1. Any idea which of ALA34, ALA20 is over 28 Å from SER192 (Cα atoms), at pLDDT below 85 and in contact with a helix residue (DSSP H, G or I) (Cβ under 8 Å, 6 or more places away or on another chain)?
2. Which condition from (1) without any contact (Cβ under 8 Å) to a residue 12 or more places away in the chain; (2) under 16 Å from the mean Cα position of the chain (by Cα) is the one that ALA253 breaks?
3. Does region 212-232 include one or more residues that are over 20 Å from ALA78 (Cβ atoms) and in a helix (DSSP H, G or I)?
4. Criterion first (of a type in the set (A, V, I, L, M) and not in a helix (DSSP H, G or I)) does ALA155 satisfy it?
5. For region 27-62, name all the residues that are outside any helix (DSSP H, G or I) and either under 27 Å from the mean Cα position of the chain (by Cα) or aromatic (Phe, Trp, Tyr) (or both).
6. Report, by residue number, each residue of region 218-238 that is of a type in the set (D, E, K, R) and over 29 Å from ILE119 (Cβ atoms).
7. So in region 170-184, with the set limited to residues that are among the charged types (D, E, K, R) and outside any loop (DSSP other than H, G, I, E, B), which one is farthest from the chain's Cα centre (by Cα)?
Amino acid sequence: MESQKNLITKLAISLVAPAAAVVIALIIGAILIALLGRNPLEVYGTLLEGGLSGWPNLSVTLQMMTPLLFTGLSVAIAFRAGLWNIGAEGQMLVGAMFAGVAGYALAGLPAIIHLPLCILLGFLGGLLWASIPALLRVYLGVNELVVCLMLNPIALLLTGYISTKALKAPGPTNKLPDIAETAYLPSFSIYSQLNAGIVLGIVVCLFFLVFNATTVRGFIWKLIGLNPRFAHYGGIDVKTNALWVMLVSGGVAGLAGVEQVLGQYHAFYDNFSPGFGFDGIAVAMLANSNPLGVIAASFLFGTLNGGSVVLQMTTGLSKYFVQVLQFIVVLVLAAKFVWGRKRSPLKRKTAATSAQSQTVTQEA
């Protein structure tokens, strides 16, 4: 009974910061709306109605949620292990490129082989791109944050060159040839491009939820994130585990590109992403690196993005207002993180002083 109470308490505490960030973002957003001469309640009502009312709107929300499941989980896997994989955007593009090439180059295979093979190759594409910052971080000590930032535009330029020059499909559009129908992810709606990728995304999130909670490897990855030095002295191979964390994280990001190519566009298009990889950072932060939280945060962002189009059409308020709300959420969570880092040395110093005082008192 006591352990259950402790678990509930920890869960409640972990929800405080994300909930507070969302509330603060909504309050600031309401102030901005009021300054524009609009009714905040009316705007927020339109936003929710546009994202959730009726299957046509809800299917658009779920469609926009799907890539964030993968990119958010990708970043969350790395964050939990103390690594800063902010290269999900580039890993997604390379994964999409691998899936797109396999989708048309391997035409003729039966669907039961072709579709899983394209998914696997997309995963490997993201993994390979993530191996660059992973190897540099683990074996040379190069900051993975800087490398990931540099690799994102490189991935965009590289995939852009391939889709506009090297393997460009005939015609004016910058894209690869269309994939074969045997590589299609099944569609779920005639009102949007919602497809079976959302099922795959939720399954992957639930897999890592169980993996983190029940496996030794999941515990080890959490431990190296909490204290890599302690993990090292405890006999854990920190370098090898950190390498695998980055590789798996990149592979999951590659699945976001797989869903876009096999489920939505049925071909690789140059510069197809509006920034799913960067939105994944906000999702992971809001989820507190919890796979179940990734599902909830992705749905929230999908709702906001889906409703923003209806908001702009009905009220004239720019759909980019939703991005302002997302940026505020990230800023609040980032401020909380920095404040926590600043308080930690102070707590340790206070604890050490208190222990020293107790020792002196006992000796006296």
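The values are calculated or read from the model by the stated rules, or taken from the named source; none is laboratory data. Bear in mind that the values here come from a model prediction, so they are computed numbers and not experimental data. For neighbour counting, all protein chains shown are included, and Cβ atoms are generated from backbone atoms with ideal geometry for every residue, glycine included.
1. Working: ALA34 fails: at pLDDT below 85.
Going through ALA34, ALA20 in turn, just one is over 28 Å from SER192 (Cα atoms), at pLDDT below 85 and in contact with a helix residue (DSSP H, G or I) (Cβ under 8 Å, 6 or more places away or on another chain): ALA20.
2. All conditions are met except number (1).
3. Here is the first cut: in region 212-232, the residues over 20 Å from ALA78 (Cβ atoms) are 214.
Remaining after also requiring in a helix (DSSP H, G or I): 214.
Yes, there is a match, as at least one residue in region 212-232 is over 20 Å from ALA78 (Cβ atoms) and in a helix (DSSP H, G or I).
4. On the way: of a type in the set (A, V, I, L, M): yes; not in a helix (DSSP H, G or I): no.
For ALA155, the condition - of a type in the set (A, V, I, L, M) and not in a helix (DSSP H, G or I) - is not met.
5. Initial filter on region 27-62 (outside any helix (DSSP H, G or I)): 36-39, 53.
Hit for region 27-62 is SER53, nothing else.
6. Once the filter is applied, which keeps residues that are of a type in the set (D, E, K, R) and over 29 Å from ILE119 (Cβ atoms), region 218-238 yields ARG229, ASP237.
7. Our first condition is that a residue be among the charged types (D, E, K, R); within region 170-184, this holds for 175, 178, 181.
From what is left, the residues that are outside any loop (DSSP other than H, G, I, E, B) are 175, 181.
Values: LYS175: 25, GLU181: 28 Å.
Top of the filtered list is GLU181.
Yes/no per residue for (1) in contact (Cβ under 8 Å) with a residue 60 or more places away in the chain; (2) over 18 Å from the mean Cα position of the chain (by Cα); (3) in a helix (DSSP H, G or I):
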| site | (1), (2), (3) |
| --- | --- |
| GLY90 | yes, no, yes |
| GLY103 | yes, yes, yes |
| ILE112 | no, yes, yes |
| LEU115 | yes, yes, yes |
| GLY122 | yes, no, yes |
| ALA130 | yes, no, yes |
| VAL138 | yes, yes, yes |
